[in-house]
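What follows is a short report on a single structure.
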Amino acid sequence: GENVEQHPSTLSVQEGDSAVIKCTYSDSASNYFPWYKQELGKRPQLIIDIRSNVGEKKDQRIAVTLNKTAKHFSLHITETQPEDSAVYFCAASSGGFYSGGGADGLTFGKGTHLIIQP
Amino acid sequence: SAVISQKPSRDICQRGTSLTIQCQVDSQVTMMFWYRQQPGQSLTLIATANQGSEATYESGFVIDKFPISRPNLTFSTLTVSNMSPEDSSIYLCTVGTNYNEQFFGPGTRLTVL
């Protein structure tokens, strides 16, 4: 089955600086890579995702890159703000729209606790 | 996106008992999934609950312990059977879209004494 590794486990950055979280996956059949943000006591929220036919995707201060050959993908947050403080999870799955079938469940990384220092 | 609700939001149960968690969606969805998040940990897929077929369980999870129902396209239940303190977790359902996105319900926080 799929295995997703996520680093670092904790990341502390100064407000206004950039943060980068990296993940690797093992299953070459994986084609969908979402990132979730989870604030304390709340449900995970999907913040951005990327599919295997795209190398990079950006949404305002957040971007995700994917290297299929190396089987790794990264989350980039620029101009960090205090409200960015949370736990971030990467995940991977296969199937779904691009393979013509139902989507598979997600395999998650262990999470990164992002701390924005004022 | 779909509005997802779960009941109960939290519960405290005695070991050896069972709890059924409900997941309700405000629109018809084919794909639903159940996850567990143990305290301070990541999320682990328990099973896929697609309407019209038996639930598919991940390694380490069995139907006798976590029976799942999916009677229609807007509802699913997960039962945690014969509970032990190790079952204390947050249990979350998700709904999937045809484009692979999954959106989480609010979760059920279970404490087993």
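Since every read-out is calculated from the coordinates, none of them should be taken as a lab result. What you see is a predicted model, and the numbers here were worked out from it, not measured in a lab. Note: ideal-geometry Cβ built from the backbone for every residue, glycine included; neighbour counts use all protein chains shown.
Brief remarks follow.
- Listed residues A:N53, A:T112, A:A63: farthest to the positive end of the dipole of chain A (Cβ charges): A:N53
- Set of aspartates and glutamates with alpha-carbon distance to B:K7 below 20 Å, sequence-local pairs under 8 removed: B:D26, B:D87
- Mean per-residue shielding of peptide A:78-85 is 0, counting Cβ atoms of other chains within 10 Å of each Cβ.
- Taken as Cα centroids, segment A:50-79 and segment B:1-47 sit 29 Å apart, rounded to the nearest whole angstrom.
- Cross-link pairs A:K37/A:K57; A:K37/B:K65; A:K71/A:K110 - those with Cα-Cα distance over 21 Å: A:K37/B:K65
- Shielding of peptide A:44-56 by partners, expressed as the average count of other chain Cβ atoms within 10 Å per residue Cβ, is 2.
- Positive contributions from Lys and Arg (+1) and negative ones from Asp and Glu (-1), summed over other residues with Cβ under 13 Å from the Cβ of A:E15, come out at -3.
- Highest-fluctuation residue, B:V25, B:V62, B:V95 considered, GNM on chain B with Cα pairs under 10 Å: B:V62
- In this calculation the C-beta distance from B:R10 to A:N67 is compared with R0 = 35 Å, giving a FRET efficiency of 0.30.
- Whether chain B is rounded, prolate or oblate, judged on the alpha carbon gyration tensor where a/c under 1.5 counts as rounded: prolate
- Partner shielding of B:101-111 amounts to 3, given as the average count of beta-carbon atoms from other chains within 10 Å of each residue beta-carbon.
- Student exercise, the protein assembly as shown dipole from Lys, Arg, Asp, Glu Cβ charges, in Debye to nearest 20: 200
- With K and R counted +1 and D and E -1, the other residues having a Cβ less than 10 Å from that of B:I46 yield a net charge of +1.
- Taking the protein assembly as shown, the Cys residues with no second Cys beta-carbon under 4.7 angstrom are B:C13.
- Other residues whose C-beta falls under 11 angstrom from the C-beta of B:T17 contribute a net charge of -1, scoring Lys and Arg +1 and Asp and Glu -1.
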